Amino acid sequence: GLAAGRLVCPANLKPVKGHEYLLRAMVILKERGVGCELLLAGDGRLRKELERMVRSLGITDRVRFAGRLPHDELLSLYRRGEIGLVVLPCIDLGHGEHEGIPISLVEAMAYGVPVISTETGGTPELLAGGCGVLVPAANPEALAEGIKRVLSDGELRDSLAAAGRRRVEEEYAV
């Protein structure tokens, strides 16, 4: 259904989160005819710049800025099965400035929402063993390919959802 093609990026709009690579991936997905829409749930100093970027890339029909979505509202979208995929395109800015274990991924996994993220910080450890899709950081092409794979493969989605939920239940108290 439509929910499968609804992506959410639950992250403040700041450089370490890598939003620009996700926006470029959205262009690639549009060019390849992959039907999906992206909800940016977060706010921050890059908002104006990212809004301009969305316009100049010609993807205003596919990207929505939700601002800072109340936490329970986000979780209720997950609970109701309204989000098909959570995307966190974090990058490593050097100087040790990167994500530890992103709680936003742990939360999505707890609700059985498939996740895709990058090889930064503690994320590879969290998503190991088929609990999520890992792509190289700062690589729109790889991100687009990963998103396309998840959106087009129902079995993969189901196995990511189950493995992710299991990992969180076994290792994290949410």
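The values are calculated or read from the model by the stated rules, or taken from the named source; none is laboratory data. As the structure is a prediction and not an experimental result, all values here were calculated from the model. Ideal geometry is used to build each Cβ from the backbone, glycine not excepted, and the neighbour counts take in all protein chains shown. Ligands, DNA and RNA are stripped out before the accessible areas are found, and what is left, the full protein with its side chains, is counted by its heavy atoms. Shrake-Rupley method; radii C 1.70, N 1.55, O 1.52, S 1.80 Å.
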Segment 67-133, relative contact order [Cα under 8 Å, separation at least 6], % = 33 percent
Taking +1 at the Cβ of each Lys and Arg and -1 at the Cβ of each Asp and Glu, which of 39, 109, 85 sits farthest along the dipole of segment 1-111 towards its positive end, judged by Cα position relative to the Cα centre?
-> 39
Put 172, 78 in order of accessible area, largest first, probe 1.4 Å, and you get 172, 78
Looking at the chain, which longest stretch skips every one of the trypsin sites (Lys or Arg not before Pro) that is in a DSSP loop with at most 14 other Cβ atoms within 10 Å, leaving the sites themselves out?
-> 81-174
To two decimal places, what compactness ratio does segment 31-121 give when its Cα radius of gyration is scaled by 2.2 N^0.38 Å?
-> 1.17
The alpha-carbon pair-distance distribution computed for the chain, with 5 angstrom bins and whole-percent values, is 1, 9, 19, 24, 23, 16, 6, 2, 0
Accessible area in square angstrom per residue, segment 1-90, 1.4 angstrom probe | 47 Å²
